[in-house]
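Okay, structure first, notes after.
The values are calculated or read from the model by the stated rules, or taken from the named source; none is laboratory data. For clarity, every value in this text was computed on a predicted model and none was experimentally measured. Here the Cβ is made from the backbone with ideal geometry for all residues, glycine too, and neighbour counts use every protein chain on show. Accessible surface is based on the protein model in full, side chains and every heavy atom, while ligands, DNA and RNA are left aside. Shrake-Rupley method; radii C 1.70, N 1.55, O 1.52, S 1.80 Å.
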Amino acid sequence: MAKEIKTIGVLTSGGDAPGMNAAIRAVVRTAIVNGKKVKGIRKGYQGLLDEEIIDMDKSSVSDIIQKGGTILYTARCMEFVTEEGQRKGAEICKKHGIDGLVVIGGDGSFRGAQRLANLGINTIGIPGTIDLDIACTDYTIGFDTAINTAMEAIDKVRDTSTSHERCSIIEVMGRRAGYIALWTGIANGAEDILLPERYDNNEQELINNIIRNRKRGKKHHIIINAEGIGHSESMARRIEAATGMETRATILGHMQRGGTPTCKDRMYASIMGAYAVDLLCAGKSKRVVAYRHGEYVDYDINEALAMKKDIDEYQFNVSKMLSR
Ligand code: ADP
Ligand code: F6P
């Protein structure tokens, strides 16, 4: 029988995502209702190594559900990728009586959680990233807010693009993953969508599309370009030179990571936060909370990290068909 957990730690790690606060709030309050102590670890694994650890009670998470960012701050920490850093982190957890830990972040953060679990700390991961690039889950905290923020911004660029009869290249976040580009590309009715997983660098095809659409009388040409492809400014200059159509690049950048979370992100993050604590209270460790095929579920962390995610072929084909 697993030893009963007394103190639950919670941290956010990697890129922040709107809705992380709702998850923190749910972790803290569910833990307290279950009679556990709660410690917040600031600035992810870096804060753990620096012992930036605070006691949390119900009121520590008052008035945060509607706020973007993370009240615990976040960081990327190279020291924690080393075995020495991980051992130090586990020792610090033990020193502070943290026998259960909830890690809110992406795949990288889950790797850290996996290492801590191997060193005897019960850990549960909650998927928090605007990129939607965690294979075991159909939902990650922050994606919904990010795509809605990007969609609204792209609508605005589209207005001015139409008025000036321009081509607009709009770069959305996603260094390795094209989900934000795919979703906004479809939702904003883009003429071309460039995904890191699929783009073959065939700029001539883009140029041909623009010329063809121009001849058909289209007033603008919107290209959604994922950050992972990048180079939007130089692409704009080449496209303008090749097509004669005035072309501008807009890089949406970090505005996509901030702002008040949508209802969906608050709701899913709240359920996942509670679910993570329920797992710890049930003596479980080394699990990742997920939302899959319409249900909240959990996976072994090794299994979750071994899973691969790719752009849905059908959605990709639909995006191509609708943009023609
Ligand atoms: P995300 O969690 O969003 O994928 P990162 O990949 O930047 O973001 O990872 C966040 C942090 O998780 C890293 O800065 C590092 O501290 C930790 N991490 C990443 N990979 C590993 C690993 N292989 N082992 C231990 N910790 C890791
Ligand atoms: O992982 C979230 C994310 O916003 C990615 O979409 C982006 O590539 C990356 O983080 C940017 O990281 P940084 O904030 O360090 O520039």
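Here are the numbers for this structure:
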read-out	value
For residue 229, net neighbour charge (Lys/Arg +1, Asp/Glu -1) across residues whose Cβ lies under 12 Å away	-3
Neighbour net charge for residue 49 - beta-carbon separation under 11 angstrom, K R +1, D E -1	-3
On Cα atoms only, tilt of 143-163 relative to the major axis of the chain in degrees	20
Cβ-derived FRET efficiency at R0 41 Å, residue 119 paired with residue 320, nearest 0.05	0.30
Longest segment of the chain lacking GluC sites (Glu not before Pro) that sit in a DSSP loop with at most 16 other Cβ atoms within 10 Å	52-164
Portion, in percent, of the accessible area of the chain that falls on carbon or sulfur, probe 1.4 Å	49
Where only alpha carbons of the range 1-149 are counted, the Rg and the Dmax (Å)	14.4, 47
Low-density loop cleavage sites - trypsin sites (Lys or Arg not before Pro) in the range 109-197, where at most 14 other Cβ are within 10 Å (DSSP)	175, 176
Rounded to 10°, Cα long-axis angle of helix 107-118 versus longest principal axis of the chain	20
FRET efficiency for residue 175 and residue 212, using Cβ-Cβ distance with R0 set to 41 Å, rounded to 0.05	0.85
Cα-based helix-to-principal-axis angle, 83-95 vs the chain, degrees rounded to 10	50
For the chain, alpha-carbon Rg over 2.2 N^0.38 Å	1.10
Distance between the range 222-266 and the range 74-142 - C-alpha centres, whole angstrom	31
FRET efficiency, residue 156 to residue 4 (Cβ-Cβ, R0 56 Å, nearest 0.05)	0.55
Relative contact order of the range 130-259, defined on C-alpha pairs under 8 angstrom at six or more residues apart (%)	35
Filter on 88/286; 43/308; 37/308; 36/308; 67/284 - keep pairs with C-alpha separation over 25 Å	43/308; 37/308; 36/308; 67/284
Qualifying lysines (Cα of each under 17 Å from Cα of residue 219; at least 8 residues distant if same chain)	156
Cut-off 11 Å, label 7 Å out along Cα→Cβ of residue 88, residues of the range 98-126 by amide N	none
Accessible surface, the chain, averaged per residue in Å² (probe 1.4 Å)	45
The range 55-141: radius of gyration and largest Cα-Cα distance (Dmax), Å	14.1, 38
